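Notes to accompany the following structure.
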Amino acid sequence: MTPFAVFSGSPWRIAGAAGALAAALVLLALPGLVNPYLLFQACLVMVTATAGLGLVLIMGWSGQIALSQAGFLGVGAYATTYLVAQGWAWPLAAVTAGLIAALFGVLIGLPATRLRGFYLAIATLAFAELMIRVFVEATPITGGIAGTAVEAVVLPGIDVDGSRWYLCLGVAAVTTAVVIRIGRVGLGRRLRVVRDAEIAAPSLGVSPMRTKLLAFALSAFIGGIAGALYAQCLSYLTPEIFDMGLLIEFLIVAFLGGVGYVTGPFLGAVVVVVLRDLLQDLGSWQRLGYGLILALAIAFLPRGLASLPDRLRARRPAPPAPEPPPVSGPADLTGAAR
Amino acid sequence: MWQQIISGLQAGSWYSLMALAIVLVLKATDVPNFAMAELGLFPAFCIWALIDGANLSWWLAVPIGLLIGIALSVVVERTAIRPILAENHFATVLMTIAVFVVINAIVQLVWGSEPRKIDSPFAGSFTVAGQVVAYEQLVSVAAGLAVMVGLILFFRTPLGVQMQAVAEDRVTPRLLGVSVTTVFRTSWALAGAIATIALLLQGQASLLTDQNGSGLLIKGFVAATLGGFSSITGAFVGGLALGVAENLAGAYISTSSKTAIALLAIVVVLSIKPQGLFGRHQVREV
């Protein structure tokens, strides 16, 4: 009898549910439990994970390589900040910013998603570079190189730090629920059909282009919303925040965490936020560390940290009734990005 | 106008070279190599160090730099790419991004972010029909042209034909006695040398910084996209066209529109003619 064999038994289910409830309570009570600095780091984890969930949609499930999430975060951050400064309510501004990001996503994805996977990688990389230029040039909105200050959102009866945390936690929770839901309904299945058998997809009545484009637009939307939150965490925006460095952090979030799993971005986000905190004064050494971690993750843990339970289970002699893997199961990346 | 076109052709030939290196690796090993420019950036900095620090002559430093470029690409292919090539395409693309980050960080750690200039023996200029042409510009365009012709000839040799066969299918050529290992190593080695030339030309005509790689990488990919990723001539012409279009836009629209041209070119070409201006249509993975 090994621990995993009894996992599907009902006492374990109850224990699991109790654990989840306890975790939820801890998260809700977090502002009272930790100091403001740790709470801020926890906010960053939620924001990074939210952006990473967008990558689960596009890279994990549809098998397209998108390198624009940092750009979409920038669009979301600047657009929300600008709209709030014009007198909009923050939630409305954030959703609008998300829609703007999604619109950009459609414009970039429209040509690229018709073609083999790496065209999207190139178009999105070019887009991310272009966005940095736009942030520098569009001085009336972004403040140019000098940057622009972000107005903090304060929820009634809660201090600034607490408000930021509940905002991040709430958006991360809603995004997680939406992404899990998408994984279970038709869109999630269509995405995986397109990823695993693109040429056969039309014979199943699935348009690869429309499916990929929808995934990309959703991913951009989530990126834009994450950007609105990121602005809240940073409180001051400058163009170089959204450069190549942020993109690389997102790739680590997605691939060290596990791009086929909803839990992946959260694991990856914890690693990235901790690393960023530890290595922030080391400049180029930090980038070297990031690059090596990414390379090692791809070489030795191609499905990410979130795949470890599945791997452990798979290594044992066949369990009687294995727990169904979360949402999509391990991303069979074979044939992805073709 | 003509001045803009001439400088456009010069920058364009760097883009062409980068596109040729990218297409070469893609044709042979089916990997879109996001580390391509960094594989040339490191040896270009080595050349600068050899000339500036070790006081070597350009004629000696450049061959050493090319050898470093070849060695670096071969080592990267062997240690980072080949072990995961069997897994899937997705992992390989990401691995090239990881290699990009690692090499870029190493360049920053060794040489810092200060801009450098490679001293070259091609100083000066001459005047043709009232237009001033720098020798450096002539060298850039000639180098691009020479590499393109060389590659076209190379793809007609037995090894070149083997390369294209391996790109299409990694199993069948092996049954016919083609060494896939040799093909991979050769294509990466050649591409490493070509990328070194691109960064060298840019570093001696303008400036060499740790940021040159990412800029040139995107331009190279755009040029390759224009050319359709399958055509050597297409990649070359695509690079020149991009360089000229950028310079004209920079002169007649605004300086900041220069960057936008590259993205605009991708979106327009992929929308109108997705196989690129010179590409062949192909559907894979049936």
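The values are calculated or read from the model by the stated rules, or taken from the named source; none is laboratory data. What you are looking at is a predicted structure, and each value in this text was computed from that prediction instead of being measured. Positions of Cβ are backbone-derived with ideal geometry, glycine not excepted, and every protein chain shown enters the neighbour counts. Side chains are part of the model used for accessible areas, which takes the heavy atoms of the whole protein and leaves out ligands, DNA and RNA. Shrake-Rupley method; radii C 1.70, N 1.55, O 1.52, S 1.80 Å.
Can you tell which of A:118, A:135 is more than 10 Å from chain B (Cβ to nearest Cβ), of a type in the set (Phe, Trp, Tyr) and either within 22 Å of the chain's Cα centre (by Cα) or within 30 Å of residue A:91 (Cα to Cα) (or both)?
Values: A:118 fails: more than 10 Å from chain B (Cβ to nearest Cβ).
Unique residue meeting the criteria: A:135.
For the range B:8-32, what are the residues that are modelled with pLDDT of 90 or more and among the polar types (S, T, N, Q)?
Within the range B:8-32, B:10, B:13, B:16 qualify.
Across the range B:231-255, which residue is modelled with the lowest pLDDT among those that are open to solvent by 40 Å² or more (accessible area, probe 1.4 Å), outside any helix (DSSP H, G or I) and among the polar types (S, T, N, Q)?
B:255
Only residues in the range B:74-87 that are open to solvent by 50 Å² or more (accessible area, probe 1.4 Å) count as the first member; pair them with residues that are of a type in the set (A, V, I, L, M, F, W, C) and assigned to a helix (DSSP H, G or I), Cβ under 7 angstrom, at least 6 apart or cross-chain, and list the lot.
Every condition considered, the pairs that remain are B:82/B:184; B:83/A:299.
Evaluate the range A:83-93: report whether one residue or more is within 14 Å of chain B (Cβ to nearest Cβ) and assigned to a helix (DSSP H, G or I).
Keep residues of the range A:83-93 that are within 14 Å of chain B (Cβ to nearest Cβ), which gives none.
No; the residues of the range A:83-93 include none that is within 14 Å of chain B (Cβ to nearest Cβ) and assigned to a helix (DSSP H, G or I).
Of the residues that make up the range A:106-127, is at least one in a helix (DSSP H, G or I), open to solvent by 10 Å² or more (accessible area, probe 1.4 Å) and small (Gly, Ala, Ser)?
Scanning the range A:106-127 turns up no residue that is in a helix (DSSP H, G or I), open to solvent by 10 Å² or more (accessible area, probe 1.4 Å) and small (Gly, Ala, Ser).
Within the range B:150-201, how many residues turn out to be under 19 Å from residue B:66 (Cα atoms) and not basic (Lys, Arg)? Give the derivation first.
Step one: of the range B:150-201, the residues under 19 Å from residue B:66 (Cα atoms) are B:150-151, B:154, B:184-201.
Now narrow it down to the ones that are not basic (Lys, Arg): B:150-151, B:154, B:184, B:186-201.
Of the residues in the range B:150-201, 20 are under 19 Å from residue B:66 (Cα atoms) and not basic (Lys, Arg).
Please list, ordered by first then second residue, the pairs with beta carbon atoms under 8 Å, 6 or more apart or interchain, first in the range A:275-288 and away from chain B (no Cβ under 14 Å), second of a type in the set (Asp, Glu).
A:276/A:249
Kindly check whether there is at least one residue in the range B:234-251 that is out of contact with any helix residue (DSSP H, G or I) (no Cβ under 7 Å at 6 or more places or on another chain) and more than 11 Å from chain A (Cβ to nearest Cβ). I'd like the intermediate steps shown before the answer.
Quick first cut of the range B:234-251, residues out of contact with any helix residue (DSSP H, G or I) (no Cβ under 7 Å at 6 or more places or on another chain) only: none.
No, there is no match, as no residue in the range B:234-251 is out of contact with any helix residue (DSSP H, G or I) (no Cβ under 7 Å at 6 or more places or on another chain) and more than 11 Å from chain A (Cβ to nearest Cβ).
With the checklist (1) over 19 Å from residue A:95 (Cα atoms); (2) more than 14 Å from every other protein chain (Cβ to nearest Cβ); (3) not small (Gly, Ala, Ser) in hand, flag the one item residue A:124 doesn't pass.
Condition not satisfied by residue A:124: (2).
Output the residues belonging to the range B:225-248 that are farther than 30 Å from residue B:114 by Cα and under 11 Å from the mean Cα position of the chain (by Cα). First the steps, then the outcome.
As a first pass, look at the range B:225-248 and keep what is farther than 30 Å from residue B:114 by Cα: B:225-238, B:241.
Answer for the range B:225-248, where residues must be farther than 30 Å from residue B:114 by Cα and under 11 Å from the mean Cα position of the chain (by Cα): B:235, B:236.
Determine which single condition residue B:143 fails, assuming it passes every other condition in (1) open to solvent by less than 60 Å² (accessible area, probe 1.4 Å); (2) away from every other protein chain (no Cβ under 14 Å); (3) on the phi > 0 side of the Ramachandran plot.
Here residue B:143 clears every test but (3).
Name the residue, out of A:298, A:293, that is within 14 Å of chain B (Cβ to nearest Cβ), in contact (Cβ under 8 Å) with a residue 40 or more places away in the chain, open to solvent by 30 Å² or more (accessible area, probe 1.4 Å) and of a type outside the set (Lys, Arg). If you could, list the steps in order and put the result at the bottom.
Numbers: A:298 fails: open to solvent by 30 Å² or more (accessible area, probe 1.4 Å).
From the options A:298, A:293, the qualifying one is A:293.
Do we have residue B:254 as small (Gly, Ala, Ser) and under 12 Å from residue B:20 (Cα atoms) here?
Numbers: small (Gly, Ala, Ser): yes; under 12 Å from residue B:20 (Cα atoms): no.
When the stated conditions are applied, residue B:254 does not pass them.
Within the bounds of the range B:194-203, is there any residue that is surrounded by fewer than 24 Cβ atoms within 10 Å (Cβ to Cβ) and either in contact with an Asp or Glu (Cβ under 9 Å, 6 or more places away or on another chain) or within 26 Å of residue B:116 (Cβ to Cβ) (or both)? Spell out how you get there, then give the answer.
Start the filter on the range B:194-203 by keeping residues that are surrounded by fewer than 24 Cβ atoms within 10 Å (Cβ to Cβ), which leaves none.
Scanning the range B:194-203, I find no residue that is surrounded by fewer than 24 Cβ atoms within 10 Å (Cβ to Cβ) and either in contact with an Asp or Glu (Cβ under 9 Å, 6 or more places away or on another chain) or within 26 Å of residue B:116 (Cβ to Cβ) (or both), so the answer is no.
Looking only at residues that are closer than 17 Å to residue B:199 by Cβ and aliphatic (A, V, I, L, M) in the range B:72-100, which one is farthest from the other protein chains (Cβ to nearest Cβ)?
B:72
Does residue A:99 count as in contact (Cβ under 8 Å) with a residue 40 or more places away in the chain, more than 20 Å from residue A:133 (Cα to Cα), more than 14 Å from chain B (Cβ to nearest Cβ) and open to solvent by less than 10 Å² (accessible area, probe 1.4 Å)?
Details: in contact (Cβ under 8 Å) with a residue 40 or more places away in the chain: yes; more than 20 Å from residue A:133 (Cα to Cα): yes; more than 14 Å from chain B (Cβ to nearest Cβ): yes; open to solvent by less than 10 Å² (accessible area, probe 1.4 Å): no.
In short, no.
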